[in-house]
């Protein structure tokens, strides 16, 4: 089967443009020095902790970093210390399932090189999500890693009520405009090592 054979020409165009922007943004992120990524991750954690709406979330969905991603572990520990419950995603055939994490608990190796919670930990539905991304724009649109897991998770969780979405990234991952489609939902907040990104709402 040819690539994208089940997509319309317009969908192929959006997919191809996203792939190019993703590759360019990830190359810029990979080029950051490890020390700069560490300092940046700490600054991001401090900024995210000041988001007022986040204090109201009893359960926050976080993630463990892969490759050159922002490291959200310092942030997860701060949230945990503040009394908020932390849930980490596990990739399943039905999409992402979030399970509770507590400070010091070991994780297991999952798909795509991810560190995931044990299957015997209780599933939780977060009301706030820290969202990983490959690229972002000033409208709050993001490019993920091309598998759609977080888009599906946000849609599913939103059936039970509003879900606060917070994208965390390094400033080098910014692009002028993410090719978006009518169903795409912008992030509520975007935070980089430089601080909150002022989002343009249209």
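Scanning region 145-163 for residues that are in contact with a strand residue (DSSP E or B) (Cβ under 6 Å, 6 or more places away or on another chain) and either more than 23 Å from residue 200 (Cα to Cα) or loosely packed, with under 15 Cβ neighbours inside 10 Å (or both) turns up 149, 152, 153. For region 124-144, the condition holds for at least one residue, the condition being that it is at pLDDT below 95, touching a strand residue (DSSP E or B) at 6+ places or on another chain (Cβ under 7 Å), farther than 25 Å from residue 42 by Cα and surrounded by fewer than 23 Cβ atoms within 10 Å (Cβ to Cβ).
Annotation: residue 150 fulfils all but one of (1) under 18 Å from residue 44 (Cβ atoms); (2) part of a loop (DSSP other than H, G, I, E, B); (3) at pLDDT below 95; the unmet one is (2).
Against the criterion of being within 23 Å of residue 88 (Cα to Cα), in a helix (DSSP H, G or I), out of contact with any helix residue (DSSP H, G or I) (no Cβ under 7 Å at 6 or more places or on another chain) and at pLDDT 95 or above, residue 55 qualifies.
Of the residues making up region 25-36, those that are out of contact with any strand residue (DSSP E or B) (no Cβ under 7 Å at 6 or more places or on another chain), crowded, with 19+ Cβ neighbours inside 10 Å and more than 11 Å from residue 67 (Cα to Cα) number 0.
The values are calculated or read from the model by the stated rules, or taken from the named source; none is laboratory data. Remember, it's a predicted structure, so these values are computed and weren't measured experimentally. Here Cβ is always computed from backbone atoms with ideal geometry, including for glycine, and neighbour counts include all displayed protein chains.
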